[in-house]
1. Classify the range 193-244 as rounded, prolate or oblate from the Cα gyration tensor: take a ≥ b ≥ c as the square roots of its eigenvalues, call it rounded if a/c is under 1.5, otherwise prolate when a/b beats b/c and oblate if not.
2. By its C-alpha gyration tensor, with a ≥ b ≥ c as the square roots of the eigenvalues, how is the range 198-300 shaped: rounded for a/c under 1.5, else prolate for a/b larger than b/c, else oblate?
3. Which percent of Cα-Cα pairs in the range 123-265 sits in each 10 Å bin, short to long?
4. Which of the peptides 192-205, 253-266, 168-181 is most tightly packed, and how do the rest follow, judged by the mean count of other Cβ atoms within 10 Å per residue?
């Protein structure tokens with residue numbers, strides 16, 4: 001009897017949980033049928049959750065049993081658990097969905113409106129600010145620096161663990177630098193822990209610090225920091241390190257080297273490199289602005 005009940009509720013509620021989790025986490029597949037990897041992923045997420053539904057439902061059915069298993073109370077408990085689980089997953093994953101919509105140019109306009117609403121909600125409930133981390137990263141990616149800075153302003157009230165503090169400090173500083181707020185960037189970088197275990201996170205953080213140091217006029221120190229970061233071999237930081245060197249050489253008055261670096265940045269990253277340099281101010285901003293404005297320059 002127990003085997004039959006467990007099988008019945010396990011299969012039935014597993015189906016419900018699969019549907020709820022797939023909907024909440026926005027699991028997608030590429031064709032009319034699941035690939036093997038996607039099926040394994042979905043089952044891996046849903047199998048333990050289905051037990052959380054099936055076991056309490058089965059116990060409820062027996063607890064309310066008189067002559068036979070009480071299916072109605074069991075069904076009610078199972079459906080209630082699925083509903084609560086779905087709501088919790090939706091709350092946890094809503095900002096991840098919003099971040100994905102921000103990156104997609106087709107859904108971005110509506111997503112930006114949702115960002116403003118989400119930031120307003122977090123202002124009223126600052127303890128939930130940590131959930132804005134993925135939204136802030138997406139806003140940085142699409143160049144919405146003012147909104148990103150507002151999002152990260154709220155993140156700090158949310159209670160972050162050590163790795164998240166470092167990531168938030170780095171991204172918040174990047175947003176502040178792109179708004180020309182070097183003092184604000186320095187303040188948020190100071191929030192990060194002194195020891196950063198993850199090599200990639202440490203490289204990103206030190207690259208951002210090197211750029212801020214260069215913008216503040218400590219050009220020799222900035223070049224030393226850039227060399228240390230470059231030795232770690234992360235290609236993801238090549239644009240940042242190029243900008244650090246450009247700012248440092250321009251600040252030291254070594255214009256030939258600065259123009260060469262600026263030309264390399266344009267060849268590799270296009271107009272967005274010029275815009276990035278120009279936004280942050282500092283000694284290289286004028287060189288970048290001259291190219292952006294179409295003024296004569298030694299470049300080509």
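Where a number appears in this text, it was derived from the coordinates with a stated rule and is not lab data. Keep in mind it's a predicted model, so treat the numbers as computed, not measured. Neighbour counts run over all protein chains shown; Cβ positions are idealised from the backbone, glycine included.
1. Values: a/c = 2.00, a/b = 1.34, b/c = 1.49.
Oblate, because a/c is 1.5 or more while a/b does not exceed b/c.
2. Numbers: a/c = 2.06, a/b = 1.61, b/c = 1.28.
It comes out prolate by the Cα gyration axes.
3. In order of increasing distance, the bins hold 12, 40, 34, 11, 2, 0 percent.
4. On the way: 192-205: 15.1, 253-266: 16.9, 168-181: 23.2.
Per-residue Cβ counts within 10 Å, averaged per peptide and sorted highest first, yield 168-181, 253-266, 192-205.
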